[in-house]
Amino acid sequence: CNELRRMLLIKGEKIKWFGNYLPYGVQGSNIDLVILVESKSRKRAIVIELKLQDLNNENVREETITQVKSYAKYIGKAMTNYGEAMEITPVMLTAHKERKRKVQETMMDNKVKWITYEVTSNGVVFSKIWMTNV
């Protein structure tokens, strides 16, 4: 989807690799999506956690932030170990729900992008809830 691509990619970046449901650690969990992108001047990994839960609940939101940051750190270390040091961008992609004011305050302290989606009769609509410059 072009709309989501514009939210995730920085101008000039091209997708080099895309993977889903990647094993994480020994406890048996999985990273939902990892996208490796490249431009003339940089390499970057986008780590995406997909959620259906209502992230208005602060505990669920904080748990998701911690989870995606942990996945991002793991991917960063793995890429460095393979000699491919790159920037890492953690992203939460969640179903659209009504948002409370405090959400933005919570997200300001985190280097996590938050995008929501809503399925309508015209297709899928994506919205930026919080985008930091990571």
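The values are calculated or read from the model by the stated rules, or taken from the named source; none is laboratory data. These numbers were taken from a predicted model, which means no experiment stands behind them. All Cβ positions, even for glycine, are placed from backbone atoms using ideal geometry, and neighbour counts span all protein chains on display.
Of all the residues in region 21-31, those that are under 15 Å from the mean Cα position of the chain (by Cα) and either among the aliphatic types (A, V, I, L, M) or at pLDDT 95 or above (or both) number 2.
Annotation for region 76-85: at least one member residue is modelled with pLDDT of 85 or more, surrounded by fewer than 19 Cβ atoms within 10 Å (Cβ to Cβ) and under 14 Å from the mean Cα position of the chain (by Cα).
Residues in region 6-37 that are part of a strand (DSSP E or B) and either within 23 Å of Ser127 (Cβ to Cβ) or hydrophobic (A, V, I, L, M, F, W, C) (or both): Ile15, Trp17, Phe18, Asn20, Leu22, Ile31, Asp32, Leu33, Val34, Ile35, Leu36, Val37.
Can you find a residue that is out of contact with any helix residue (DSSP H, G or I) (no Cβ under 9 Å at 6 or more places or on another chain) and at pLDDT 95 or above anywhere in region 49-61? No: zero hits.
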